[in-house]
Every structure is written in structure tokens, then in C-alpha cells.
Amino acid sequence: MNHVLSDRINNLAVSQTLAMAALARELKAQGKDIISLSLGEPDFNTPDFIKEAAKKAIDDNWSAYPPVDGYVDLKEAICHKFKRDNNLTYAPSQIVVSTGAKQSLYNVAQVMLNDGDEVILPAPYWVSYFEIVKLSGGIPVEVPTSVESNFKMTAEQLEAAITPKTKMMWFSSPCNPSGSIYSKIELEALVEVLKKHPQIYVVSDEIYEHINYTDSYCSIGSISGMENRTITVNGVAKAFAMTGWRIGYIGAPEFIAKACTKIQGQVTSGANSIAQRATLAAVSAEPSAIQYMVDAFRNRKEIVYNLLSEIPGFKVNQPEGAFYFFPDVSEYFGKTIKGKEINNANDFAMFLLAEANVATVTGDAFGNPNCIRLSYATSEELLREAIKRIKEALA
Ligand code: PMP
Ligand code: GLU
């Protein structure tokens, strides 16, 4: 029936992260002992103070349509958060609250891109950037990086990727999937290049901002000259263990925020009212309220780093944030193990699923065909068991 569907949907790839998570769930339901390291989703519960705010919102009857761009007090709290954590100065008229950071990104693509506009994506990039850009008529331009450069794009690489058609650059820091964080100095080098090309806007996806194992963080929008050409994307899913609540937000030049509100007004009428009230409690809290989760992620990161480094043929970088490892496993390509030929990262991920009962995601989905992604947002016990199984299957 594909001929009945639009070219737009026929040309869209399925989200590989969600697809692998669904496959793992299906195999589990069939009774297989699968450990899923596929989905980037904290294994913590939403903190009680946020749940209380949501319960109170229900009792207080926050049940009518919210303003399309978000409640005013929530937008004010987000402005305060941007100032407190990121040294970014936004007015409430520059904030738009949406149904997850995913929708925030989709809105931005829809309102910024015309057919043929190029969008630079340092690779590896988060899986949905590529398809959201494509779906909006844009052309993703991948800039490859490798484990050797800690998966970071240099100023020279950025310069070389720019053409007269370049409209935007999208990146995440901390990066999903590599865990790399661009330092202030590294961002300033990129900004020097961007200054020569004032037509380029930047999407800075900072959803993992708080899951940071370094002692500093820099938002590109806080660097002089970038305030009027950066769209800062953030959300509560990762830091506050609120993936299911579906709230993300942007801070952007006012004309872009207005355009995002316009599209949202035709598509969703705004984000869920109760989840917005819960988000108000989350963003108003000091980051120390979630330090226990960050500490747990850091502890697991150390354990997983040491265990993965012991597996022959795994090249691993030291992540600085988020909760992913993105090992280069290309040494296995061209080999046959347990009768299964492994020629690429897809084969490798499927081998691990079949032979180790461990679900991961192929690096292809993130623009790097040499790697696979593992999420360590799961218990230490399961992580140890999963990596033991991987090691044994490959031995
Ligand atoms: N950006 C990145 C880098 C992500 O990993 C995710 C994953 N959820 C999102 C955006 C989307 O977040 P949300 O769940 O708020 O839609
Ligand atoms: N962002 C998470 C991930 O990368 C959740 C899945 C998704 O939204 O695609 O695994």
C-alpha cells in the first residue's frame, strides 16, 4: 500500500533507537532474556517533588487549553534557568514549550528550512536530526569525526563543509551518542568560522546539559555574536527522568519563537497542561536536586569504560557527559563469528542481539558506520552482565 502513502513518509527512515527498543521488548515478551542497552532513557523515577506538582495541578484543575507557547510562569522560570545555568539572556517572548525536545527540533526545522537548504550535522549526531531535516526539505550535510578526535568537529572541518546553501548547523553537547562535550575554547573556534558566515543559524541541543562529568559547561548562544543566531533546545526528559512527560523547550530569536508558536498552533495547540506544571517545578529546582542521578551515571560510566576497554577490538572514548558509549567496532568487520558474517555495524548489533541477548543500536543511525551505541542508563548489575555476555559472544 506504499503507493497510497506520501513520498514524504515513504522516504522517512524509522527511528532506529525506538525500533531497536521495540524489538528488544518483543523478544523479551517471547520469553528471551534480553538486556536492552538500546534506549536512552534514565532508569530512575521522576523525583517526588515533580510528581507532587503534577498531582496538585490535577487537583487545582489545570485542565483547559494552555497558551500555545506555554504558560507564562513556566516561560519565566525557563528564562531564569537559562540565565542561572547557561548565562543566556532570553525574554519569555523568546521561549516556546513543546511536546518533547523532539517536537522543538521539528518545529525549528519546519519554520527555518526551505527545499535544498543545507544543514551541517557533525557526525555522529542524534538519530532524529537527519530525518527531521530531510522531512523539512533540508539537505543534511554530515561532517565525519572519529573516536581519535573524541568525535568532535574542528573549526577547519566546519569551514570546509560550508557552502552558499548552508542555512544551519545542528549539534548536541553533551553529544548523543558520543558523550563528548565541546569546551568553551572549542566552541569559540567554531564561532570564529561562523562569524564569517552570518547567514548560518545554530541549533544547540543541550538536553544532556546536567549529565556532565566535567566541571564546566558552555552554551554556544552565550558566546558573543551568537545570541541572535542560536536556537537553544532543552527539555526535562533526561535530567529529571521525565521521558514520558513529553516536555521540551527552546530559547530563540523572537521571530523564530513566534514562527514555532504559529506552527504549533496548527498542529498540537500546545503541550500538555499537567506536564507543563510539573516542568515548572523541575526547571525551578537547583541542579543539585538531581545530583544523585548524575553521580550514579558517572559511577556506571567508569565501570562500563573499564569493562568495554577490556574487550579486544573495541575502541572506546572517555565520555564527558550523557549516558552513552559509542565504541568503534570496525576491527570485527570482515570476520565470521559463530557462523555469522559481520560486515558492518548493523551486522554487529544484530550479532549481539542474537548471540549475547544484548540490544544496542547501530552507529549507522547516528552517521558513523564503524560504531555501535550502548546506553548505560540501566543498573550496574545489568550493565556488568550485558558486557560479560558481549565479551563471551565475541571471544
Ligand atoms: N535531543 C537529543 C540529543 C536526545 O537524545 C533526545 C532523546 N530523547 C531528544 C533530543 C528528544 O528529547 P525528548 O524526549 O524531550 O523529545
Ligand atoms: N533520545 C533517546 C535515544 O536516543 C530516546 C529515543 C528517541 O527519542 O529516539 O535513545
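Structure notes:
- Restricted to segment 1-66, the set of helices (runs of 4 or more DSSP H) holding at least 1 residues that are surrounded by 18 or more Cβ atoms within 10 Å (Cβ to Cβ) and either of a type in the set (S, T, N, Q) or modelled with pLDDT of 95 or more (or both) comprises 16-29, 48-59.
- Test: residue in segment 239-255 that is touching an Asp or Glu at 6+ places or on another chain (Cβ under 6 Å), within 16 Å of ligand 2 (Cβ to nearest atom), among the polar types (S, T, N, Q) and touching a residue at least 12 places away in the same chain (Cβ under 8 Å): yes
- Single match in Val111, Val147 (criterion: hydrophobic (A, V, I, L, M, F, W, C), out of contact with any strand residue (DSSP E or B) (no Cβ under 8 Å at 6 or more places or on another chain) and surrounded by fewer than 23 Cβ atoms within 10 Å (Cβ to Cβ)): Val111
- Taking each residue of segment 192-213 that is of a type in the set (Lys, Arg) and looking for partners that are outside any strand (DSSP E or B) with beta-carbon atoms closer than 6 Å, six or more apart or interchain, yields Lys195/Gly225.
- Test result for Ala257, closer than 27 Å to Ile274 by Cα and either away from ligand 1 (no atom under 16 Å from the Cβ) or among the polar types (S, T, N, Q) (or both): yes
Conditions (1) more than 24 Å from Arg373 (Cβ to Cβ); (2) surrounded by fewer than 16 Cβ atoms within 10 Å (Cβ to Cβ); (3) away from ligand 2 (no atom under 16 Å from the Cβ); (4) of a type in the set (Phe, Trp, Tyr), marked per residue:
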site	(1), (2), (3), (4)
Asn212	no, no, yes, no
Asn228	yes, yes, yes, no
Thr261	yes, no, yes, no
Ala278	yes, no, yes, no
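- Segment 230-254 - residue that is of a type in the set (Gly, Ala, Ser) and surrounded by fewer than 22 Cβ atoms within 10 Å (Cβ to Cβ) and, of those, farthest from ligand 1 (Cβ to nearest atom): Ala241
- Long-range neighbours under 8 Å by Cβ, at least six apart or interchain, first residue without any contact (Cβ under 8 Å) to a residue 40 or more places away in the chain within segment 9-27, second within 16 Å of ligand 1 (Cβ to nearest atom) and not acidic (Asp, Glu): Leu18/Leu39; Arg25/Ser36
- Some residue of segment 46-53 being in contact (Cβ under 8 Å) with a residue 24 or more places away in the chain, within 16 Å of ligand 1 (Cβ to nearest atom) and touching a strand residue (DSSP E or B) at 6+ places or on another chain (Cβ under 7 Å): no
The values are calculated or read from the model by the stated rules, or taken from the named source; none is laboratory data. Note that the structure is predicted; figures quoted are calculated from it, not measured. All Cβ positions, glycine included, derive from the backbone under ideal geometry; neighbour counts span all protein chains shown.
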